[in-house]
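The values are calculated or read from the model by the stated rules, or taken from the named source; none is laboratory data. These numbers come from a predicted model, not from an experiment. We place every Cβ from the backbone using ideal geometry, glycine too, and count neighbours over all the protein chains shown. SASA here: full protein model, heavy atoms, side chains in, ligands and nucleic acids out. Shrake-Rupley method; radii C 1.70, N 1.55, O 1.52, S 1.80 Å.
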Amino acid sequence: MPTVESDVKMRILQTAKRLFAKQGFDATSVRQICEEASVNVALISYYFGGKENVLKAMLQEFMPISRLPEFEDELQDPVIGIRRIIREVVGMRYREPELISIVQQEIALMSSRIAFLQEFTFPLWSRFRDLLAEGRKRGVFEFESLDNTLMFALGALLMHKQRDYFRFLMTEPEKSLSLEEMVTQTTEFIFHAVKYKGD
């Protein structure tokens, strides 16, 4: 059962996430977060130690990196492991579109917070890269450049939801895909790109 403290912390994180996504980290004040979360302005300092630590706590709470230990066994096999990471990332895109927006804003700005964004995201992307390399070594994947393949796959995983930006290029009516449909289509696309040799 959630405690009052955990409930307040979560309310602060959810409010900050919405505001950071909508107007950017720098344009969002601690006072605004607290007013919209209906909490005392001193609580961000008390619970988190400042606005940057709110962002860190948000990444820790909502990014799939926190779930890596849960599926460590699956990450020993390149095919199963990549399927799992695709599922986790696509699932996060569905659950946390605001968080994806925040991360993309920070990357575009190359903000001073890049280092700790990398701290929270690179362990997952490093595992993904290692699985691609291991799959190529075992002969189940076939591609030339590991770096380029990694970047192409990350683009497929992270950019799809930017459809609004590319709307004028779209020629088909938008169909709202379920999570399972999107996982399947993303997996098929990436596995085709790495020339997967299995079924």
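Being in contact (Cβ under 8 Å) with a residue 60 or more places away in the chain and among the hydrophobic types (A, V, I, L, M, F, W, C) is the filter; apply it to the stretch 122-139 and report the residue that is farthest from L59 (Cα to Cα). Of everything passing the filter in the stretch 122-139, L132 is farthest from L59 (Cα to Cα). Has the stretch 28-50 got at least one residue that is acidic (D, E), open to solvent by 10 Å² or more (accessible area, probe 1.4 Å) and not in a helix (DSSP H, G or I)? Checked the stretch 28-50: no residue is acidic (D, E), open to solvent by 10 Å² or more (accessible area, probe 1.4 Å) and not in a helix (DSSP H, G or I). State whether one or more residues within the stretch 75-85 are open to solvent by less than 40 Å² (accessible area, probe 1.4 Å), among the small types (G, A, S) and either in contact with a Pro (Cβ under 8 Å, 6 or more places away or on another chain) or in contact (Cβ under 8 Å) with a residue 60 or more places away in the chain (or both). No, the stretch 75-85 has no match at all. Could you grab me the full set of residues in the stretch 7-41 that are closer than 14 Å to E106 by Cα, free of Cβ contacts under 8 Å to residues at least 12 places away in the same chain and aliphatic (A, V, I, L, M)? Across the stretch 7-41, the qualifying residue is only A27. When residues in the stretch 174-199 are screened for being surrounded by 13 or more Cβ atoms within 10 Å (Cβ to Cβ), over 19 Å from the mean Cα position of the chain (by Cα) and either part of a helix (DSSP H, G or I) or without any contact (Cβ under 8 Å) to a residue 24 or more places away in the chain (or both), 2 of them pass. Screening the candidates F143, F122, F168 for the property of being more than 24 Å from I65 (Cβ to Cβ) and open to solvent by 80 Å² or more (accessible area, probe 1.4 Å) yields one hit, F168. Mind counting the residues in the stretch 11-21 that are open to solvent by 60 Å² or more (accessible area, probe 1.4 Å) and either over 17 Å from the mean Cα position of the chain (by Cα) or under 16 Å from G50 (Cα atoms) (or both)? Of the residues in the stretch 11-21, 2 are open to solvent by 60 Å² or more (accessible area, probe 1.4 Å) and either over 17 Å from the mean Cα position of the chain (by Cα) or under 16 Å from G50 (Cα atoms) (or both).
With the structure loaded, tell me whether E119 is without any contact (Cβ under 8 Å) to a residue 12 or more places away in the chain, within 28 Å of R138 (Cβ to Cβ) and among the acidic types (D, E) or whether it fails that test. No: the conditions fail for E119.
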